[in-house]
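The values are calculated or read from the model by the stated rules, or taken from the named source; none is laboratory data. Only a predicted model underlies this, so the values are computations on that prediction, with no experimental measurement involved. Methodologically, a virtual Cβ is constructed for each residue, glycine included, from the backbone with ideal geometry; neighbour enumeration extends over all protein chains shown.
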Amino acid sequence: MSLLRRAAQWLAAAIRALLDALFGPPAPPPPGVSLVNVWPVEAWPGSLLTLEGSGFAPDLDGNAVVIGGVPALVVRAAPVQLEVLVGEGATSGPIAVTVGGLTATALHPFALAPWPDVRDGGRDGAPIFFHGPQHGTPAIGKKDQRVLVILGFPTDHVPASQAATRNAEAASFEQARRFWAEASYGRTTVQFEFSAWVALPNPRIFYVWEQGDIDKTREDLLRVTKRHAVLAGTRVFAAQQGLNFSIVDVSNPDNPFEEKVLGPIVVPMHVAVGANYAYVAAGDKGLYVVYVGPPTASVVRQIASTGWLHGVDIAGTTLVAAATRAGLEVYDLSVSDNPVRKSVFNLGGRWATAVRLVGTKAYVGATNNAFHSFDPTLRVIDVSNLAAPFEISGVTVGTTGAWVMGLDVVGTTCVVATDGDGLHVFDVSGAVPVIKGIERSVLRLHSVTLVGTTAYGTGADQGLVIWDVADPANPKLVSTHVGAPGPGYDCYGVAAGGGNAYLSLGGKYLQVVGLGDLAHPTDRGGINLTGTFIFGSNPNLGGLRESLRNAIVYQDLIKHDALHLHALQGLKAITPALDFESFEGFVVVLNGPFGRAQSSNPANITQTSFEGQTIKFQSAKGRLWLATDSSWGRKAHELGHWFLMPDIYTEKYDNGTMLAGDAEHWDLAGEVDDGALFSGAQADHMQLFDGANVARRSWDPGGGSTSESFEIIAHDAAEDGGPRIHLLELNVADGLSYYVEVRQKPGPVIFDANIPAGNPQQGAVLVTRARKAETFINNANERSTMLFGVLDGGQSAVDPPRLLRIECAERLQDRPLVYRVVIHWNEEPPPNPDGTFDLSITPWSTETWESVDVWIDSLRNNAANGTVVYEFHEDGKPDVAKLSGDRPWVKHVNKVHARVHNTGGKSAAQDAKDVWVSLSVTSPPGIGDNGVAPDGTRPRWTTIKTMKLPSVAANSVQDVQFDWTPDVAEHTCLVVAIMPQFGEIEPHNNRAQENVANFDSAGGSSHEPVILDAEVRSPFSVVRKVDLVVRGLPDGWHAVVDHAWTWVEPKGAKPVRVVAWTDLHSPRAHERQQIPDVAFPRVEGWTNFDHIYVPIGGILMPVKANARVEIILEARPGPGGLIVETVLHPGIRDVPIAVEVTNSHGDSQILHGITDTAGRCLVQGPFAVGTYRVQAFSASTRAAAEASSARVTAIVP
């Protein structure tokens, strides 16, 4: 190397060293970028993908990723792996990563996955993007808010007259606009602007859940999971989902093989086999006749059907086919290879899904699929005259909502497999099938076959189910068996004989199971049958079931954002210049039948998206859909949801329970078609009145007795500008207030025309109780706003626990109506030793922590003759309650009894007049009573009802009864309070507290421990250490409290949990140990007060160690009504049974009975012609825990 070159190299090295010293070494050249793996490659915008390769930049911004033509967001970065989020608007296309100017592209492009269908219950929705800012409109107190009403019609509901329908909707919306303007005195107003009619691109069922969705999802479940096989000699004839009919040689059960595959047949559902022919029910492809004799099997012919053929059977020269919606098809089989259809028997709209032919009687499983009317039935059809079959009889099978999936008949026994209510066994010796027994170990069955006295059923994901039905009245589960090849291969069909069962698993697998020991079936050989092309995959059972459930639950609601998106897009196509941003909200009116209108919280609506298409808004919008012909009240009501209005109407549920809302006729948040004004809490929230016209007061228990007078004026055309007010709020606890207002049927205003006020002034003082659900907890099955009083002059509404009286003193003006209302706080008079009467109720005892003057009658365990029987009663006197009497019956009306005493005075005794008594509840039960805290927090009591007794006679006791419907099965504390009166000898003995905490420690061997969740509530105004103890445990019983002591803040509360259990019937019990089956432990709180140790309160928690039982129920028509038979399993005598019979209007009647030595109970009663829901309930006894049966449907013809 020359000296010059060396010098140049030295100079370059020196310069580099200098630069390194000043600026650091240069970055190495970027390595090659590779992208070797992406997963998943099929997804949606918003999905996270993982990219694997090399040469990625470790910082997020050093990687530029493009997926489907749209930049992706890099979420995590490492040299060999990236996690990225697919960008909004991405479509199928290349996946590329660029680092330092070098780009690598994935071998396989990104594929946009199919958009999920909301009806596919097994699939979740795709990701959705949201963008800020999300400041919300519309708003309360804002005028002239523009609302765009888009009139749309689906392809199957084109308006007969677009102009007439538009005019009718415009008139209705004008009334809704007028309501808001008049109700808020012009503070919150809207302007409805109407679009031209928009033709939507799809039928209504695309947008709204309809009966058709229930039909489709039911069909999918029935068809996709249908498998059937018949054993004939050494061959099994198998219908399978692979679009083929397979004949399998099972002469060697350990090595079955396909002898013949016939197909494609789309789709074989069921098969019946004769001498040389098999008959295949093939859905909408009708009936296939297949020759199965020697030398080789072949398809002879295909016969079109009138409906989807789901089942088939033959007897002699007759063939019958269950044709789902079409009914029962009857064929002449005189020529074996050419069945001739002679008739189709209509089953009144029910779907025939299973059939068995015995002689000339066809036993058909048929179920009504109409919304709210699902009723599975077993029908007996006489087919002796093929051209004129007729129905002999029909009975209900199982509970409403169950479905007949399969049946079989041997001798006089018929077994029916239901999806939803297990196995039902009938005696079919007579003309009318008689239910004998029900076995519900596996509720969701798909088929059943009967061999001798053994029934073999298929429980899908629960495998083969085997029952012993030798005693039809007491079918017994023998075993269940999930056969090979394992999960995913659910069991849908079974054939049995020759010591083996042949299970149809998944889409096209046949598994042989040995039955040498029925209690322990064993897998033998199996074969994956031949399918056509890709058909025959295993059904997605969970998804099919979830889809059906969704279709039922969401009836008449919209399915997705497609309705709003298509309406906006369609309108934009008609009027391209329309600016959506100029509107505060959008209402889509969908032409067609009734729909459950839905309104969205505007704070969440900054866009409308569906299947990758999005319309974005710069500000949040109100959004609502309605069906045409919705009342103006419904329109105004749904707009209220834009302002976070709660619903307060009464709502009845399918299970027979009801969410009470007794203020519904006084409030637009309630019964929408009444057109009422908002009542107190909603009116306050909606800011209908100026602040000067709303007075607010709060209860101060320590403030002494006070009274305050208010003049309250009804809402009229003009707001009051003087000293009068429109609304009064009385806050008595955290999240709990009473609202007082005056309401009057309208003069010039649109609302309140239908309020239930019938006096000459057509108005009244309305008092409502309102609670905030998020802050106020109670055990009452009711809405957040409830009616507390409707008053005229001289009447009062009273809250005795808080010594509050709301007095309607006098009427001052007729129109607009004005009343003077006086609020009396802490209205407690001083003791009067010379008084002539003393109202009292016995407080709780420190031994039992129960009041002898308060008890519950649940009506659950009363006698058949109507005599009251209490769970806890005096010895030998079942109608005399002790302790709490009964445990509450959840979601049913219970009677709470309270004894009010008037002990008279020193001299002449005097009757007590106008005595106010109230019942209040709170949960959980409390150890102690903390009243009100210094920080202003209030007790969490809900006043259920206040009653006025006209008189309590001197030196007498009066039984007051309250109706209480507890919402949930939680332990509760009751308080009965009597309003003190002037002239009482002692006004401080007018309150009694009762904790309700009864338990069953149920079991067959060892009994379940029971758990009590309660609160320690301190009555002290300083921090106090409270010791927790359990007393009253008998031998063999134990308990644990989760804290030996707890520090409780002034007037505060602390949670406490108690676990109690017994050694009875367990290995822990000692020989000859006498352990009682009932215990009455008391959980108490004790503390040092001054120089003594005192209890602050306690809870009695009676526990019974009894047997867990099941109730099996059958309801059938009887003379003039219904006969209901229940069987307790295991059979236990002297258990009270209450049978609730509910008609189609939701009205219930209770029939009472008691079990005999076998655990049976038979009750009957007169009922009019109609359909009834029937359910049985057993009361808790020392032998049996309380239980309830499944609900069944009964028809009185």
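Considering (1) surrounded by 22 or more Cβ atoms within 10 Å (Cβ to Cβ); (2) under 27 Å from the mean Cα position of the chain (by Cα), say which one Val553 fails and leave the rest.
If we test Val553 against (1) surrounded by 22 or more Cβ atoms within 10 Å (Cβ to Cβ); (2) under 27 Å from the mean Cα position of the chain (by Cα), just (1) comes out false.
Yes/no matrix, rows are residues, columns are (1) modelled with pLDDT under 95; (2) among the small types (Gly, Ala, Ser); (3) over 29 Å from Leu347 (Cα atoms):
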position: Gly263; (1), (2), (3): yes, yes, yes
position: Tyr279; (1), (2), (3): no, no, no
position: Ala282; (1), (2), (3): no, yes, no
position: Leu287; (1), (2), (3): no, no, no
position: Tyr291; (1), (2), (3): no, no, yes
position: Val312; (1), (2), (3): no, no, no
position: Gly316; (1), (2), (3): no, yes, no
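Condition check ((1) closer than 20 Å to Gln241 by Cα; (2) in contact with a strand residue (DSSP E or B) (Cβ under 7 Å, 6 or more places away or on another chain)) across all residues:
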{"site": "Val469", "(1), (2)": "no, yes"}
{"site": "Ala484", "(1), (2)": "yes, yes"}
{"site": "Leu505", "(1), (2)": "yes, yes"}
{"site": "Ser537", "(1), (2)": "yes, no"}
{"site": "Arg545", "(1), (2)": "yes, no"}
{"site": "Ala551", "(1), (2)": "no, no"}
{"site": "Ile558", "(1), (2)": "no, yes"}
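Contact list please: Cβ distance under 9 Å, first residue in segment 858-871 and over 11 Å from Phe1177 (Cα atoms) and modelled with pLDDT of 90 or more, second residue aromatic (Phe, Trp, Tyr) and assigned to a loop (DSSP other than H, G, I, E, B), pairs at least six apart or on different chains.
Going by the 9 Å Cβ cut-off, there are no qualifying pairs.
Condition test on Val149, is it closer than 14 Å to Phe586 by Cα, β-branched (Val, Ile, Thr) and modelled with pLDDT of 95 or more?
Yes: the conditions hold for Val149.
Are there any pairs with C-beta distances below 8 angstrom linking a residue in segment 1037-1056 that is more than 30 Å from Gln1074 (Cβ to Cβ) to a residue that is outside any loop (DSSP other than H, G, I, E, B) and of a type in the set (S, T, N, Q), with the two at least 6 apart or on different chains, and if so which?
Filtered contacts from segment 1037-1056: Lys1054/Thr1046; Val1056/Thr1046.
Take segment 438-462 and flag every residue that is farther than 15 Å from Ala495 by Cβ and within 29 Å of the chain's Cα centre (by Cα).
Listed by number, the residues that qualify are Ile438, Glu439, Arg440, Ser441, Val442, Leu443, Arg444, Leu445, Gly459, Ala460, Asp461, Gln462.
Taking segment 516-570, which residues are over 22 Å from Gly585 (Cα atoms) and of a type in the set (A, V, I, L, M)?
Selection gives Leu518, Ala519, Ile527, Leu529, Ile534, Leu541, Leu544, Leu548, Ala551, Ile552, Val553.
Can you go through Thr217, Thr188 and tell me which one is in contact with a helix residue (DSSP H, G or I) (Cβ under 9 Å, 6 or more places away or on another chain), β-branched (Val, Ile, Thr) and modelled with pLDDT of 95 or more?
After ruling out the rest, the residue left standing is Thr188.
In segment 1098-1125, which residues are buried (at least 24 other Cβ atoms within 10 Å of the Cβ) and under 16 Å from Gln1149 (Cβ atoms)?
Ala1115, Val1124
Of the residues in segment 248-271, how many are outside any strand (DSSP E or B) and crowded, with 19+ Cβ neighbours inside 10 Å?
7
Quick one: would you say Pro71 is at pLDDT 95 or above and surrounded by fewer than 18 Cβ atoms within 10 Å (Cβ to Cβ)?
No; evaluated as a whole, the condition is false for this residue.
Quick one: in segment 346-396, of everything that is among the polar types (S, T, N, Q) and crowded, with 17+ Cβ neighbours inside 10 Å, which residue is farthest from His270 (Cα to Cα)?
For segment 346-396, the residue satisfying everything is Thr396.
Applying the selection to segment 148-172, what residues are under 17 Å from Leu563 (Cβ atoms) and either in contact with an Asp or Glu (Cβ under 8 Å, 6 or more places away or on another chain) or not in a loop (DSSP other than H, G, I, E, B) (or both)?
Matches in segment 148-172: Leu148, Val149, Ile150, Leu151, Gly152, Phe153, Glu169.
Quick test of your reading of the structure: Val86 fulfils all but one of (1) surrounded by fewer than 19 Cβ atoms within 10 Å (Cβ to Cβ); (2) at pLDDT below 95; (3) not charged (D, E, K, R). Name the failing condition by number.
(1)
Checking the condition modelled with pLDDT under 95 and touching a strand residue (DSSP E or B) at 6+ places or on another chain (Cβ under 8 Å), which residue from Ala757, Ala733 passes?
Exactly one of Ala757, Ala733 is modelled with pLDDT under 95 and touching a strand residue (DSSP E or B) at 6+ places or on another chain (Cβ under 8 Å), namely Ala757.
Kindly list, by first and then second residue, each pair from a residue in segment 613-624 that is modelled with pLDDT of 85 or more to a residue that is outside any loop (DSSP other than H, G, I, E, B) and charged (D, E, K, R), limited to pairs with Cβ atoms under 7 Å and residues at least 6 apart or on different chains.
Correct list of pairs: Leu624/Glu638.
Which one of the conditions (1) in a helix (DSSP H, G or I); (2) within 30 Å of Gly691 (Cα to Cα); (3) among the basic types (Lys, Arg) does Arg187 fail to meet, given that it meets all the rest?
(1)
Given the structure, is Gly186 without any contact (Cβ under 8 Å) to a residue 60 or more places away in the chain, outside the structural domain of Val312 (by TED's automatic domain parsing) and surrounded by fewer than 18 Cβ atoms within 10 Å (Cβ to Cβ)?
Against the criterion (without any contact (Cβ under 8 Å) to a residue 60 or more places away in the chain, outside the structural domain of Val312 (by TED's automatic domain parsing) and surrounded by fewer than 18 Cβ atoms within 10 Å (Cβ to Cβ)), Gly186 qualifies.
Suppose we filter segment 314-345 for residues that are within 42 Å of the chain's Cα centre (by Cα), crowded, with 24+ Cβ neighbours inside 10 Å and not β-branched (Val, Ile, Thr); how many remain?
Of the residues in that region, 6 qualify.
When you scan segment 212-224, do you find a residue that is part of a strand (DSSP E or B) and under 26 Å from Arg325 (Cα atoms), even just one?
No; the residues of segment 212-224 include none that is part of a strand (DSSP E or B) and under 26 Å from Arg325 (Cα atoms).
Select the strands (runs of 3 or more DSSP E) contained entirely in segment 430-511, then report the ones holding at least 2 residues which are assigned by TED's automatic domain parsing to the domain that holds His228 and of a type in the set (S, T, N, Q).
The qualifying strands (runs of 3 or more DSSP E) are 447-451, 454-458, 476-481, 500-505.
Filtering segment 1043-1058 down to residues that are at pLDDT below 75 and more than 37 Å from the chain's Cα centre (by Cα), which residue is surrounded by the most Cβ atoms within 10 Å (Cβ to Cβ)?
Among residues in segment 1043-1058 that are at pLDDT below 75 and more than 37 Å from the chain's Cα centre (by Cα), the one surrounded by the most Cβ atoms within 10 Å (Cβ to Cβ) is Trp1045.
Out of segment 272-305, which residues are assigned to a loop (DSSP other than H, G, I, E, B) and either on the phi > 0 side of the Ramachandran plot or not assigned by TED's automatic domain parsing to the domain that holds Ala417 (or both)?
Gly286
Looking at segment 467-497 only, could you name the residues that are among the aliphatic types (A, V, I, L, M) and more than 24 Å from Asn528 (Cα to Cα)?
Hits for segment 467-497 are Val469, Ala470, Ala473, Leu477, Val478.
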